[in-house]
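A short write-up of the structure that comes next.
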């Protein structure tokens, strides 16, 4: 009996890693944008939804080929992220933060209901981009879909770290995050850096949308609401504005959500994120990897 319980626990850990890596990809977009422009982009979860739909249509063009579908989805979402930033957020850059926050909610509603109007409200089955297989590791089972989700998520996170710490645009992003005015005086095109940040964050969200479409083959116009909120909580948990914190928060969020089903009714699963958010705000508002900072007002 104890062996069976241990096996179930380890199986849930594997499932939590897969789910948490998806939350981490979405959370990276939140934390990058906040780190650069101090904006909580609540439309980010709907960019993830649009990315899933882009993958759906790309599969119709290219057939069940994972790499082309993923690249088209990421490129389309990156373009969407730039358009959103230039059209909705850039004009409000000097406005009070509440104006940008309200605009973000408006953009979110526009993406949700615009997708519903154009494509329709009914869920769609996501195409099988890979042939599903299951592997046995002793008494544990792991599917090739879980392996794909983990490998792609890890690869994109490593690529992001390379971009941020080993490229010129990454240096510019870090400079703008530290002090926009000083970066501008040093000749850095701040507007371009902000647009690139939105593009990268949106591309990562689209990758998460395609991976979710493969793992849970059902997409709909409102699929980004709960994952977007949970990814935001993951970013806060790890430390909003800190890239490693978003990854850590995403993994912990996935594990907490999966393991909560073992101790509470399944209907409590979505509440886990908000319980975590309340605890973080009460006990460590700056997040696990964040530092308390004073802010000039």
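The values are calculated or read from the model by the stated rules, or taken from the named source; none is laboratory data. Note that the coordinates shown come from a computational prediction; the quantities given were computed from them, not determined experimentally. So basically every Cβ, Gly included, is an ideal-geometry build from the backbone, and we count neighbours across all protein chains shown.
Details
- Number of the condition not met by residue 89 [criteria: (1) touching a residue at least 12 places away in the same chain (Cβ under 8 Å); (2) surrounded by fewer than 21 Cβ atoms within 10 Å (Cβ to Cβ); (3) farther than 30 Å from residue 252 by Cα]: (2)
- Filtering region 129-182 to residues that are modelled with pLDDT under 90 and over 28 Å from residue 69 (Cβ atoms) leaves 136, 137, 138, 139, 140.
- Verdict on residue 228 being more than 26 Å from residue 5 (Cα to Cα), out of contact with any strand residue (DSSP E or B) (no Cβ under 7 Å at 6 or more places or on another chain) and buried (at least 24 other Cβ atoms within 10 Å of the Cβ): yes
- Members of region 76-103 found to be at pLDDT below 95 and either within 19 Å of the chain's Cα centre (by Cα) or outside any helix (DSSP H, G or I) (or both), listed by number: 93, 94, 95, 96, 101
- Count - residues of region 31-76 that are out of contact with any strand residue (DSSP E or B) (no Cβ under 9 Å at 6 or more places or on another chain) and in contact (Cβ under 8 Å) with a residue 24 or more places away in the chain: 32
- Residue match in region 18-25 (condition: under 15 Å from the mean Cα position of the chain (by Cα), at pLDDT 95 or above and more than 23 Å from residue 132 (Cα to Cα)): yes
- Some residue of region 56-63 being assigned to a loop (DSSP other than H, G, I, E, B) and closer than 16 Å to residue 213 by Cα: yes
- Filtering region 131-148 to residues that are outside any helix (DSSP H, G or I) and either in contact with a strand residue (DSSP E or B) (Cβ under 9 Å, 6 or more places away or on another chain) or surrounded by 13 or more Cβ atoms within 10 Å (Cβ to Cβ) (or both) leaves 132, 133, 134, 135, 136, 140, 141, 142, 143.
- For region 283-292, the condition of being within 30 Å of residue 127 (Cβ to Cβ) and either more than 19 Å from the chain's Cα centre (by Cα) or not in a helix (DSSP H, G or I) (or both) holds for none of the residues.
- Scanning region 110-125 for residues that are touching a helix residue (DSSP H, G or I) at 6+ places or on another chain (Cβ under 7 Å) and either over 10 Å from residue 222 (Cα atoms) or part of a loop (DSSP other than H, G, I, E, B) (or both) returns 119, 124.
- Selection count, region 236-282, where residues are buried (at least 17 other Cβ atoms within 10 Å of the Cβ) and part of a loop (DSSP other than H, G, I, E, B): 4
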